[in-house]
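Step one of this worksheet: look at the structure below.
The values are calculated or read from the model by the stated rules, or taken from the named source; none is laboratory data. As the structure is a prediction and not an experimental result, all values here were calculated from the model. We place every Cβ from the backbone using ideal geometry, glycine too, and count neighbours over all the protein chains shown.
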Amino acid sequence: MNTKLSKIVAAAFLFVIIPFVGAAFSSGDHGDDQMKEKSSGDMKKKGGGHWAYQGDGGPAYWGDLDARFKTCKNGMSQSPIDVTFARNADLSGILVNYNSVPLEILNNGHTIQVNIAKGSKIEVERVEYDLLQFHFHSPSEHKVNGKAYDLVAHFVHKENNGEALAVMSVLFEEGTTNAGLKGFWKYLPKKAGEKHVVAKVSVDAVKILPSDRSYYHYSGSLTTPPCSEGVKWMLLKDPVQISKAQLVAFKAIIDGNVRPLQPLNSRIIEAKK
């Protein structure tokens, strides 16, 4: 190749390559965005939708762990809340019709849950809700006038002829032995994934409830992913007691399974006398 031709080829090479090099440098911001997206993707992959109460899978990250959990971050009617400034309202009473059922209790890694066979229900405002299960958090997730209680039980119900959920919350404070818990408390599963089915032991959930069923009401969400909204919350005002030994037994297995308080936003809290 002669000198003149070599110069032409070299000039052509520079003409083609330099614009691409310049473009690569000028797109540095986009490269950063891609790195951020990759990091976000790695976090999602690392979390894999496996949520927790601490660390990388904790409440602050629930909305990013899985697309199904986005309401945990974007929802405007989230739970739990601090129950304050409740206004008196003409609310329906809660008619409780729970059956005694054989014990089926499990440790799902987040809480201790008691599954309830079909037949137990409540009626509120002429709507029936079937009791599916109840489970526990320590300390209580909701606060009342800034106060958290030692333990809470969430009784989860589903509308008899629909999909709506209603959760009745029972607060516990340390005191005497709770007779409603006593019959099955020794069967608390100690390991995540462990489940006990004990036909000879009966669960009579109504014995766990306070005799006074007056309550606070508001519209909220599940307190765990996917944080679905539209949940009818009924927080019974009167706490029941639980012995120190019963509380210690639970906290030795599950402790601190509490989502932080969420903004009330424009919601109204009502109080049933």
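Could you pull out the residue among SER219, SER211, SER202, SER243 that is of a type in the set (Ser, Thr, Tyr) and more than 27 Å from PRO102 (Cα to Cα)? Break it down into steps so the answer makes sense when it comes.
Details: SER211 fails: more than 27 Å from PRO102 (Cα to Cα); SER202 fails: more than 27 Å from PRO102 (Cα to Cα); SER243 fails: more than 27 Å from PRO102 (Cα to Cα).
Every option except SER219 fails the conditions.
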Helices (runs of 4 or more DSSP H) wholly in the range 1-119 with at least 3 residues that are under 34 Å from the mean Cα position of the chain (by Cα), surrounded by 11 or more Cβ atoms within 10 Å (Cβ to Cβ) and at pLDDT below 95 - which ones?
-> 28-47
Being more than 22 Å from PRO59 (Cβ to Cβ), in contact with a Ser or Thr (Cβ under 7 Å, 6 or more places away or on another chain) and not aliphatic (A, V, I, L, M) is the filter here, so list the residues in the range 198-237 that pass it.
-> SER202, ASP204, LYS232, LYS237
Answer from GLU128, GLU141 - the residue that is modelled with pLDDT of 95 or more, crowded, with 19+ Cβ neighbours inside 10 Å and of a type in the set (Asp, Glu) = GLU141
For the range 186-231, enumerate the residues that are within 23 Å of MET168 (Cα to Cα), out of contact with any helix residue (DSSP H, G or I) (no Cβ under 9 Å at 6 or more places or on another chain) and exposed (fewer than 14 other Cβ atoms within 10 Å of the Cβ).
-> SER211, ASP212, GLY230
